[in-house]
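See below for the structure under consideration.
The values are calculated or read from the model by the stated rules, or taken from the named source; none is laboratory data. What you are looking at is a predicted structure, and each value in this text was computed from that prediction instead of being measured. Cβ: placed from backbone, ideal geometry, glycine included. Neighbour counts: every protein chain shown.
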Amino acid sequence: MKYLDEYRDPAAARRLAGAIRARVTRPWTIMEICGGQTHSLLRHGIDQMLPEQVTLLHGPGCPVCVTDAEIIDQAIALAATPGVTLCSFGDMLRVPGAAGSLLGAKARGADVRMVYSPLDALALARAHPEREVVFFAVGFETTAPASAIAVLQAEAAGVDNFSLLSAHVLVPPAIAALLAAPDNAVQGFLAAGHVCTVMGDDEYRPIASRFQVPIVVTGFEPVDLLQGILACLVQLEEGRAEVENRYARSVHPGGNAAAQAALRRVFVPAPRTWRGMGEIAASGLDLAPAYARFDARTRFRPAAPKAAPAGPCLSGDILRGRLRPTVCPAFGTACTPEHPLGATMVSAEGACAAYYRYRRAAA
Amino acid sequence: MSGPFCPLPVADEGVIERGHGGGGALTARLVEDVFLPAFGAAPSAPLHDGATLVVAGGRLAFTTDSFVVTPLEFPGGDIGALAVIGTVNDLAMCGARPLSLSAGFILEEGFAIAQLRRIAASMGRAAAAVGVDIVTGDTKVVERGKGDGVYITTAGIGLIPAEVAIGPAAVRPGDVVLVSGDLGRHGIAIMAAREGLGFEPPVESDLASLAPMVAELIEAGIAPHCLRDLTRGGLASALVEIATAAEVELRIEASAVPVSDAVRGASELLGLDPWYVANEGRLVAFVAAADAAPALDILRRHRDGAGAAMIGRVSAAAGRGRVLAETIGGLRVLDLMSGEQLPRIC
């Protein structure tokens, strides 16, 4: 299959792993930002091909994982509001807030729907003018443009029973926050290829320069990942700290201008609380004042109880790359994908779920 | 039966009403007008609460399954064919030759009788193709809004040849693992139809009876040690269940597992793992290594086994069974799916 098989070629992967072993002279710590990359690394056993000096830390790039419990509780409160149909992506429905999960709310009778796109939620609103359809908008720069387009289409078509509960988040402020932490151990980053496909890679240059870290835009298949890791290690060994695009078949300079224009029109940067990382300035996207009527928070003012104090879940430290899932005493015992204690065990992009799925019994 | 009996379909035959489940004249008309002609029941057979079957001395396999699927008609099949074939395949996995089925219908008030007729006809065709009779049944009607059109429960019995003993207990180290064709079509076809995802070319369900190929294996003297049809949970779940029950370790060669480009493409887009996606016409067979080549020949002679492949082997006895897949960088442990697979976000 084109664009897939050549990037899963075992011989090419082994050659790159050999090049990495030949190039590394001392210990380095690299973080892959995106949870999709974490899963691919573990699924294909890429981490097992790397020399011992290379430590991979798994970053916060899992949209479901970083969504704060308080927003989930707002979504649950909205779903329980009479007349409201609440839509979101599949994984988001399973994540526990303080007041249970959206799937739990659905089982208790709330009208909660899984959709593949915010445009599906908009179509639902048009088909059911008697319902208030709220799209629980999660995700990074990858999913935010589709939310923006849905709002623009709703505006154009005069649909007034559609709104967003925005939990959208932005990658660069999170990378800067990780690097600014006094105990930061990350020396180089693999930037998320799909986010850069939308946004381009320009916004990473000031970060690379300010914190003196290489940032390599990387894809998701085994060969992509090994190329990104090799490029990052070569920069580290040579003492360079540049932004480098190793996913050029998808990421073009400047990114997707139409998607960025939709984002700028509909959203404004806003402070956002990240699970495990606290509030980060200008790291979220909320609806711009001109589109406030499509903001579910303005429209319904959902009351949510303050999140319960954190339980035994270590997902905050795991999302910051400080701990590996397997060191958690609850991992694989009290906390499993069937009974997750935290979001990192729920999501298809969460680090704990990746270790549970691919590594648990091999250890 | 009261009134004239008209077996011909009429243009506007209305919808299911509560009375169709009442056990009276409407129920009788539904049975005689829709189900019996579709199932090809012998006109001389008296209608009764149960069927009487004559069986020779021997072992019977007995199974039941309920079918709820949205949409009711999907590319490559419908709930009727699924209800017959699903139960037939469960019997075949015991090595049994399917004999008779029952069919229970839960219909939703307001359901179009024309569509019910199509579904019943599809059941009749599927049963005839396999050579199994639908000999008894039941119909109930629930209020509008309390069902998804139609739910079907089928039960089936089949005769197991004397020498056959198929099950995890017969799996041995050294056995090879075969699949009868490419994986994941049914699950992707249903998801595409349900969510209006238009794949080009469209993915069709693999829905197919596995009984003929199993019968031929047994007739050829190849006694599979274990068979499993790869329905919900897909290949990976079936392998994990068998490895656990048989207390063995399986080694699966990832590159040998057949998945069509269409299913791979759709799975990549949706973030699904085709090894966990449902099938309705695929089996996994554990056979002695010496039987691998002739068994593959037999499977491949069947239209629905043309893509059969050897995907791995039983590498060792292991107190705690497990399944290892060989990947680029090392071994990956396969696990049971937790809940249902959900599409990824980005």
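In the set (1) within 14 Å of chain B (Cβ to nearest Cβ); (2) in contact with a Gly (Cβ under 7 Å, 6 or more places away or on another chain); (3) under 29 Å from A:PRO271 (Cβ atoms), A:ALA69 fails one condition alone, (1). Of everything in region A:110-131 that is out of contact with any helix residue (DSSP H, G or I) (no Cβ under 8 Å at 6 or more places or on another chain) and either within 14 Å of chain B (Cβ to nearest Cβ) or buried (at least 17 other Cβ atoms within 10 Å of the Cβ) (or both), the residue that is farthest from A:ARG275 (Cα to Cα) is A:ALA127.
Residues in region A:41-52: is at least one farther than 30 Å from A:GLU279 by Cβ and β-branched (Val, Ile, Thr)? Yes, the conditions are met somewhere in region A:41-52.
So which of A:GLN53, A:GLN48 is surrounded by fewer than 21 Cβ atoms within 10 Å (Cβ to Cβ), under 30 Å from A:ALA191 (Cβ atoms), away from chain B (no Cβ under 13 Å) and free of Cβ contacts under 8 Å to residues at least 40 places away in the same chain? Break it down into steps so the answer makes sense when it comes.
Working: A:GLN48 fails: away from chain B (no Cβ under 13 Å).
Matching residue, one of A:GLN53, A:GLN48: A:GLN53.
The lone criterion from (1) within 14 Å of chain B (Cβ to nearest Cβ); (2) part of a loop (DSSP other than H, G, I, E, B) left unmet by A:PRO82 is number (1). Considering (1) among the hydroxyl-bearing types (Ser, Thr, Tyr); (2) crowded, with 23+ Cβ neighbours inside 10 Å; (3) within 14 Å of chain A (Cβ to nearest Cβ), the lone condition that B:THR244 does not fulfil carries the number (2).
Taken together, the criteria exclude B:ALA318 from residues that are free of Cβ contacts under 8 Å to residues at least 12 places away in the same chain and more than 14 Å from B:ARG185 (Cα to Cα).
Pull up region A:249-263, narrow it to residues that are loosely packed, with under 12 Cβ neighbours inside 10 Å and of a type in the set (A, V, I, L, M, F, W, C), then point me to the one that is nearest to A:LEU16 (Cα to Cα). It comes out as A:ALA257.
Residues of region A:85-102 that are surrounded by fewer than 24 Cβ atoms within 10 Å (Cβ to Cβ) and part of a strand (DSSP E or B): A:THR85, A:GLY100. Among residues that are assigned to a loop (DSSP other than H, G, I, E, B), away from every other protein chain (no Cβ under 12 Å), farther than 29 Å from B:GLU195 by Cβ and out of contact with any Leu (no Cβ under 7 Å at 6 or more places or on another chain), B:GLY307 is not included. Exactly one residue among A:PRO206, A:PRO182 is at pLDDT below 95 and more than 14 Å from every other protein chain (Cβ to nearest Cβ), and that residue is A:PRO182. Scan region A:345-359 for residues that are of a type outside the set (A, V, I, L, M), in contact with a Pro (Cβ under 7 Å, 6 or more places away or on another chain) and more than 9 Å from chain B (Cβ to nearest Cβ) and jot them down. Hits for region A:345-359 are A:CYS352, A:TYR355.
Filtering region A:208-220 to residues that are within 18 Å of A:GLY59 (Cα to Cα) and surrounded by fewer than 23 Cβ atoms within 10 Å (Cβ to Cβ) leaves A:PHE211, A:PHE220. Scan region A:87-109 for residues that are over 19 Å from A:MET345 (Cβ atoms) and either hydroxyl-bearing (Ser, Thr, Tyr) or over 21 Å from the mean Cα position of the chain (by Cα) (or both) and the total you get is 5. Within region A:168-190, the set of residues being touching a Leu at 6+ places or on another chain (Cβ under 9 Å) and within 19 Å of A:GLU70 (Cβ to Cβ) comprises A:HIS168, A:VAL169, A:LEU170.
If the condition is being closer than 26 Å to B:ALA61 by Cα and in contact with a helix residue (DSSP H, G or I) (Cβ under 9 Å, 6 or more places away or on another chain), then region B:103-118 contributes B:ALA103, B:PHE105, B:ILE106.
Where helices (runs of 4 or more DSSP H) sit wholly within region B:17-125, those with at least 2 residues that are surrounded by fewer than 20 Cβ atoms within 10 Å (Cβ to Cβ) occupy B:25-30. Can you tell me how many residues within region B:192-223 are modelled with pLDDT under 95 and buried (at least 22 other Cβ atoms within 10 Å of the Cβ)? Total meeting the criteria: 1.
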